[in-house]
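Here's a structure for you.
The values are calculated or read from the model by the stated rules, or taken from the named source; none is laboratory data. Everything numeric here is computed off the predicted structure, so don't read it as measured data. Quick reminder, even Gly has a Cβ in these numbers, built from the backbone with ideal geometry, and neighbours come from all protein chains shown.
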Amino acid sequence: MTISTVRFLLNNDVVTIENIDPNLTVLQYLREERFNSGTKEGCSSGDCGACTVVIAELTKDNQTLDYKSINACISFVGSLHGKQLITVEHLKQGAKLHHVQQSMVDNHGSQCGYCTPGFVMSSFALHKQNNKPNRTEVLEALAGNLCRCTGYRSIIDAAMASSEHCEADSFAEHYSQTVQQLNEFKTLPSAALSNARHHYFAPKTVVELAEKLLKNPSATLVAGATDLALTVTQNLATIEDLVYLGDVAELNMIENTAEEFIIGSAVPYSQFTPMLHKEYHELGEMIERIGSRQIRNNGTLGGNIGNASPIGDMPPALIALGAEMTLQCGDSERKIAVEDFFVDYKKTLLNPSEFIKNIYIPKSAPDKVLKVYKISKRIDDDISAVLAAFNIELKDNIVTNVRIAFGGMAGIPMRAKQCEAALLNKTLNGESITAAQSALALDFKPMSDVRASDKYRMKVAQNLIQKCYLELQSKQIETRVVNYA
């Protein structure tokens, strides 16, 4: 059973929407349908943070709320179903500013003010999770917000101001009512939304999802929409039939076994990153450079793989680790290696009506080390020119096992098998590294584009082999840009 409406809390009020184009973004809905202009439109691509709003969702225990910042400009309105949407207009109580707003005033954190609502909402989300954040936590929370005129020092000072002893805001006062209301939303049937031409469906189970795709194999799957929404906001496309994966229970599960992590394809980065960071430190650091906090709160692992971009950040690391994935069509499942999923540029092994169910990531093993390098024009919130992942097993400085994968070097993310062969069963030294660098030219013929030339890509990829060698030889050698920033 479905309902042809989407129901959610807008601040503390229950809102029901129907007969609306599901291609509408949350930003457009707020500004054009609700006339709430506090949320600003900047880039419409999830880069500047001017559109930042906060979503509150029930945690697994259904008794507490998780507050997270997202980009309203690249979130479709249907994804609000069953959640609480909090906007900047409703932070203050009467004439009294909310703590995070007052702190911006006290620290002179605004000049033109255009970016200020987004910074305020990012700070609000942070303080809902941590009422006394340190500088590192503040910088990470604000990394997705761009200011062109104020300067960041005063904004950072404002966000660092403790809210530990501040009086409760309206959302704290309504906390129990919000929890109750969101639990009531969970009892509703799967949501749907449509206008005369475009349709949206949000299944709650894998069975519902599989049945929907069998009936409509041409439907477009959407989870975080952090890439898909750009086709609407930047390319002015319209999507006829959207199927939202964020409500599918089985796709939002995480299992942590003795041998591996099993991550549902619709689990956002922010939920599984701490777990992977603990197991693979460099992989965790790389994930924290994928977009911003707002992007990682919505973006999913399944989306990054299914997008099949040659410069997707996670596939090279997953390939190097020998990760696998489950694909499902109807009630049939098949398990494949992530490296086999990619066929050609933007082409994958997915059959009609098939979808990614989950991803299996092996845990670390003795004598093995994972090195991950992302090359981009800026340290945070940027697309890779090259991404390299090295999974190397060393015994007495002999390479006994090695898997090397690159993104940005071909039409698909793929292994460097000639490079691997040049290292396997060899002593890890200058001679074998030089051979591996030469072999890389046999593995790839990179292309030139706006981010990098073919010659640059090859040279930097070869240099990363040398960088990996230097780091493996001595942990005292600091080669990362963050060591000197």
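Of the residues ALA266, ALA229, ALA225, which is crowded, with 21+ Cβ neighbours inside 10 Å and part of a helix (DSSP H, G or I)?
ALA229
Mind listing just one residue for me: the one in region 182-205 that is more than 18 Å from ASN252 (Cβ to Cβ) and either touching a helix residue (DSSP H, G or I) at 6+ places or on another chain (Cβ under 9 Å) or acidic (Asp, Glu) (or both) and, of those, surrounded by the fewest Cβ atoms within 10 Å (Cβ to Cβ)?
Selected residue: GLU184.
Go through the residues of region 133-142 one by one and say whether even a single one is of a type in the set (Val, Ile, Thr), loosely packed, with under 15 Cβ neighbours inside 10 Å and farther than 15 Å from LEU9 by Cβ.
Looking for residues that are of a type in the set (Val, Ile, Thr), loosely packed, with under 15 Cβ neighbours inside 10 Å and farther than 15 Å from LEU9 by Cβ, one finds at least one in region 133-142, hence yes.
Related question: Of all residues being among the hydrophobic types (A, V, I, L, M, F, W, C) and outside any helix (DSSP H, G or I) in region 445-485, which is nearest to GLU431 (Cα to Cα)? Just the residue, please. Spell out how you get there, then give the answer.
Taking region 445-485 first, the residues among the hydrophobic types (A, V, I, L, M, F, W, C) are 447, 450, 452, 458, 460-461, 464-465, 468, 470, 472, 477, 481-482, 485.
Imposing the further condition that a residue be outside any helix (DSSP H, G or I) reduces the set to 447, 450, 452, 477, 485.
Working: MET447: 28, VAL450: 34, ALA452: 28, ILE477: 20, ALA485: 32 Å.
This residue is ILE477.
So for region 151-161 (the condition being under 23 Å from ALA266 (Cα atoms), assigned to a helix (DSSP H, G or I), touching a residue at least 40 places away in the same chain (Cβ under 8 Å) and out of contact with any Lys or Arg (no Cβ under 9 Å at 6 or more places or on another chain)), does at least one residue qualify?
No.
Need a quick list: strands (runs of 3 or more DSSP E) entirely within region 1-86 having at least 3 residues that are under 20 Å from the mean Cα position of the chain (by Cα) and modelled with pLDDT under 95.
In region 1-86, there are no strands (runs of 3 or more DSSP E) which contain 3 or more residues that are under 20 Å from the mean Cα position of the chain (by Cα) and modelled with pLDDT under 95.
Let me ask something else about it. Residues to consider are ILE404, ILE392, ILE398; find the one that is over 27 Å from GLU333 (Cβ atoms), assigned by TED's automatic domain parsing to the domain that holds ARG451, hydrophobic (A, V, I, L, M, F, W, C) and surrounded by fewer than 16 Cβ atoms within 10 Å (Cβ to Cβ). Walk me through it before giving the result.
Working: ILE404 fails: surrounded by fewer than 16 Cβ atoms within 10 Å (Cβ to Cβ); ILE392 fails: surrounded by fewer than 16 Cβ atoms within 10 Å (Cβ to Cβ).
From the options ILE404, ILE392, ILE398, the qualifying one is ILE398.
Every residue in region 29-42 that is closer than 28 Å to ILE383 by Cβ and either exposed (fewer than 14 other Cβ atoms within 10 Å of the Cβ) or touching a residue at least 40 places away in the same chain (Cβ under 8 Å) (or both), please.
TYR29, LEU30, THR39, LYS40, GLY42
Within the bounds of region 392-403, is there any residue that is acidic (Asp, Glu) and under 28 Å from the mean Cα position of the chain (by Cα)?
no
Kindly indicate whether LEU251 is closer than 30 Å to HIS198 by Cα, in contact (Cβ under 8 Å) with a residue 60 or more places away in the chain and part of a helix (DSSP H, G or I).
Against the criterion (closer than 30 Å to HIS198 by Cα, in contact (Cβ under 8 Å) with a residue 60 or more places away in the chain and part of a helix (DSSP H, G or I)), LEU251 qualifies.
When region 269-298 is examined, which residues are found to be under 15 Å from GLY246 (Cβ atoms), touching a helix residue (DSSP H, G or I) at 6+ places or on another chain (Cβ under 6 Å) and crowded, with 21+ Cβ neighbours inside 10 Å?
TYR269, ARG296, ASN297, listed by residue number.
Hey, any hits in region 280-288 for a residue that's outside any loop (DSSP other than H, G, I, E, B) and touching a Gly at 6+ places or on another chain (Cβ under 9 Å)?
Within region 280-288, the first condition is being outside any loop (DSSP other than H, G, I, E, B), and the residues that meet it are 281-287.
Add one more test, that the residue is touching a Gly at 6+ places or on another chain (Cβ under 9 Å), and what stays is none.
Within region 280-288, not a single residue is outside any loop (DSSP other than H, G, I, E, B) and touching a Gly at 6+ places or on another chain (Cβ under 9 Å).
A further question on this structure: In the set GLU173, GLU208, which member is over 23 Å from LEU85 (Cβ atoms) and either among the charged types (D, E, K, R) or at pLDDT 95 or above (or both)?
Just one listed residue meets the conditions, GLU208.
Okay, next question. If I ask for residues that are touching a residue at least 60 places away in the same chain (Cβ under 8 Å) and hydroxyl-bearing (Ser, Thr, Tyr), which ones from region 442-485 would you list?
Scanning region 442-485 gives a single hit, TYR456.
Sticking with this one: Looking at LEU236, LEU327, LEU242, which one is in a loop (DSSP other than H, G, I, E, B) and more than 18 Å from the chain's Cα centre (by Cα)?
Exactly one residue qualifies, and that residue is LEU236.
Residues in region 307-341 that are buried (at least 22 other Cβ atoms within 10 Å of the Cβ) and more than 22 Å from LYS371 (Cβ to Cβ): how many?
2
Hey, another quick one. Just give me the residues in region 370-389 being small (Gly, Ala, Ser) and either in a strand (DSSP E or B) or surrounded by 21 or more Cβ atoms within 10 Å (Cβ to Cβ) (or both), in sequence order.
SER384, ALA385, ALA388, ALA389
Which count do you get for residues in region 89-103 that are in a helix (DSSP H, G or I) and either free of Cβ contacts under 8 Å to residues at least 40 places away in the same chain or closer than 18 Å to THR178 by Cβ (or both)? Working first, answer last.
Narrowing region 89-103 to residues in a helix (DSSP H, G or I): 89-90, 99-103.
Going one step further and asking which of them are either free of Cβ contacts under 8 Å to residues at least 40 places away in the same chain or closer than 18 Å to THR178 by Cβ (or both), we end up with 89-90, 101-102.
So the count comes out to 4.
So, one more: List the number of the failed condition for LEU370; all other conditions in (1) closer than 26 Å to LEU423 by Cβ; (2) under 18 Å from the mean Cα position of the chain (by Cα); (3) at pLDDT 95 or above; (4) not assigned by TED's automatic domain parsing to the domain that holds LYS459 hold.
(2)
Check off (1) buried (at least 16 other Cβ atoms within 10 Å of the Cβ); (2) in contact with a helix residue (DSSP H, G or I) (Cβ under 7 Å, 6 or more places away or on another chain); (3) more than 21 Å from LYS186 (Cβ to Cβ) for CYS48 and give me the number that stays unchecked.
If we test CYS48 against (1) buried (at least 16 other Cβ atoms within 10 Å of the Cβ); (2) in contact with a helix residue (DSSP H, G or I) (Cβ under 7 Å, 6 or more places away or on another chain); (3) more than 21 Å from LYS186 (Cβ to Cβ), just (2) comes out false.
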